[in-house]
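Take a look at the structure below.
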Amino acid sequence: MIAETNRVLRRGGKLITLSLHHVNEIVHYYTQAQYLWSVQSFHVKNSRWNPDENSQKNVAHTLILCTKGASTEIADLSNIPGILDQEELTKLLEYSLKVL
């Protein structure tokens with residue numbers, strides 16, 4: 001599916017995908033050499049994570065943004081509710097480890 005998306009996407013086009021997995025588990029699918037796009041990843045807070053009820057779930061999901069072509073543009077998604085910066089993610093992960 002990723003190869004077909006890369007094939008039909010026009011230059012400057014974007015693929016946005018959300019995964020329930022950690023970025024390290026999925027990023028290699030998008031960063032293969034045959035894909036001529038830039039790849040950015042973002043952490044999205046899992047709104048269903050609750051330390052009392054489901055502490056075994058991931059605290060964040062992964063949003064992957066691929067832009068076809070030689071784009072050096074860095075997307076700023078910080079104004080979207082739920083997008084975590086690195087500091088917020090680190091704090092949330094540390095908190096989740098305390099409640100386990």
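Points to keep in mind about this one:
- Theoretical ellipticity at 222 nm over the chain - DSSP helices of four or more residues, -39500 (n - 2.57) apiece, nearest 500: -8500 deg cm²/dmol
- With 0.36 nm allotted per residue and the present C-alpha distance subtracted, the Ile16-Ile80 stretch has 21.6 nm of extension available.
- With a Förster radius of 22 Å applied to the beta-carbon distance between Ser47 and Met1, the computed FRET efficiency rounds to 0.25.
- Here, the chain yields an orientationally averaged convex hull projection of 7.0 nm² when only Cα atoms define the hull.
- Across the stretch 2-99, Cα pairs under 8 Å and at least six residues apart give a relative contact order of 35 percent.
Coordinate-derived values only; no laboratory data. This is a predicted model, so every value here is computed, not measured. Glycine gets a Cβ as well: all are built from the backbone with ideal geometry, and neighbour counts include every protein chain shown.
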